[in-house]
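The structure appears right after this line, and notes come after that.
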Amino acid sequence: MRIGVIGTGYVGLVTAVCLAELDHHVIGTDVVREKIDLALAGRPHIYEPGLEELLKKNLKEGRLTFYHDLDKTIKDSDVLFVCVSTPQRPDGRADMTYVEGVSRRIAENLNTYKLIVEKSTVPVRTSAWIKRVINLYRRNAEPFDVASNPEFLREGSAVEDFLHPDRIIIGVESAKAERILRQIYARFADKILVTNIDTAELIKHASNSFLAMKISFINLISELCEKTEADVELVARGMGLDPRIGPQFLRAGLGYGGSCFPKDVRALIHIGEEMGVDFGLLKEVDKINTRRIEIFINKIKQALWILREKKIALLGLSFKPHTDDIRNAPSIAVIRELQKEGAFLRLYDPQAMNNMKEVFPEKEPELVYCQSPYQALEGANAGLIITEWPEFQAMDLTRIKDIMSNPILIDGRNIFDPDEVRKQGIEYYSMGRK
Ligand code: NAD
């Protein structure tokens, strides 16, 4: 069995490498030439812990290769994992252009039976559309199946998540498709849940929206904490001790970002609208999340009053730690707001600066990239914690106090103990606690 992986972005590259690691023969392909050139050279185009080693190993052991040619990838594969992007359209719906395009190419290259597996996050009923497109564009009567196998990996621990999944959802409508997917995931037999395709597609959108809802819920509670003497960290801890609630995704802060939660919440709102189900609940989730940036900017203004020409250090640019991904990162919204106010920004992130330079090129003195958190904080009027990279938590507070022009920290992720920071003579603001 040969597996083709179409789209070698964050999900596709990890999928290709990890399927090879599970002893399958895999071909990855992408429209961006450079990604394939780098992959063939054993160098991932993304930062993901552990990926490079496994990429090199599986290339060397001959189970993994990459083609520039999509048609050839389709022809040479029995199973095709579709991992292309499904970005947000301006109206909030999922843009299915790439999935449709790939479906047409599969139709045109249907030389033998193929199992087409949706791994991208897609709206419920997408498989019906893929089947229709293939039937419209096919040139012969070769059989095919469509299945849904949504991906649950988290950037920053994607390899670990793929190789140690807590569930594998398989949405199928034929025994053959189920048999093939069970064979692919044989190593995780006890983690497999088989459903119909609509159910599998919906599980992904429902899961991401639920997690986003948890984050927005604690952020709303955090707003209330700021008006009272309550401490959101302790509220969350107290709630999380209840096993029905659990402690995860109850961190108040700058809100969720990334390439999944914001777009998946909005996509589900639109799927509901199209099908006559009102997801007002998720509209609130989205609104609360957007408000986090405003609340954070207000804290900066509360500390500095006028931001014009104030030197502000931003620590953390990626949407979460352990990744270089800046798609929908809160840092982007914060930078835009601070630029509007005329602040001078000093940016630092352990992995995401190259990506950020493409969005915000360096321009002295308005926006400067720094080589360490201390360099960013040196001479600054305020320091902002935007992403909770562990290296920020380990910073030397005495040194910070000494090098900043005004020792003021505004912590969007509650990484510090307020008493500890204040003891060092640093003025400290955080989210949902005094
Ligand atoms: P991405 O943008 O990193 O990767 C998509 C890749 O598809 C890109 O490299 C792009 O060049 C390629 N592509 C587009 N059209 C193509 C075509 N016609 N032929 C070949 N390649 C093509 O996106 P991603 O983060 O990997 O996400 C992919 C999908 O997986 C999305 O639907 C996303 O919602 C879902 N998902 C993402 C994550 C995550 O953490 N990133 C997790 C679970 C699910």
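FYI, it's all coordinate maths here, none of it is from the lab. Since this is a predicted model, take the numbers as computed values, not measurements. Every residue, glycine among them, receives a Cβ derived from its backbone with ideal geometry; neighbour counts consider all protein chains shown.
Can you compute the helix-only [θ] at 222 nm over the chain? Use -39500 (n - 2.57) per DSSP H run of at least 4 residues, normalise by all residues, nearest 500 deg cm²/dmol.
Result for the chain: -13500 deg cm²/dmol, rounded to the nearest 500.
Which percentage, to the nearest 5, of the DSSP beta bridges contained in the chain is antiparallel?
The antiparallel fraction comes to roughly 5 percent.
The range 290-429: Rg/Rh from Cα coordinates, Kirkwood Rh?
Working: Rg = 13.5 Å, Rh = 14.7 Å.
Result: Rg/Rh = 0.92.
Two decimals, Cα atoms only, Kirkwood Rh: what is Rg/Rh over the range 43-119?
Result for the range 43-119 is an Rg/Rh of 1.04.
So, by mean Cβ neighbours within 10 angstrom, what's the order for 292-302, 243-253 with the highest one leading? Could you put the intermediate results ahead of the total?
Numbers: 292-302: 17.4, 243-253: 15.4.
For the peptides 292-302, 243-253, the packing ranking is 292-302, 243-253.
Just want the ordering: Leu202, Leu55, from fewest to most Cβ atoms lying within 10 Å of their own Cβ.
Fewest-to-most ranking of Leu202, Leu55: Leu202, Leu55.
Which log10 I(q)/I(0) values does the chain give at q = 0.11, 0.12 Å⁻¹ under the Debye formula, counting every alpha carbon as one identical point scatterer?
-0.90, -1.03
I want to verify the translational diffusion coefficient of the range 2-195 in µm²/s; compute it with Stokes-Einstein, Rh as the Kirkwood radius over Cα pairs, at 20 °C and 1.002 mPa s.
Estimated diffusion coefficient is 128 µm²/s.
What's the exposure ranking of Asp78, Asp264, going from fewest to most Cβ atoms within 10 Å?
Result, fewest neighbours first: Asp78, Asp264.
Order of Met239, Met356 from fewest to most other C-beta atoms within 10 Å?
Fewest-to-most ranking of Met239, Met356: Met239, Met356.
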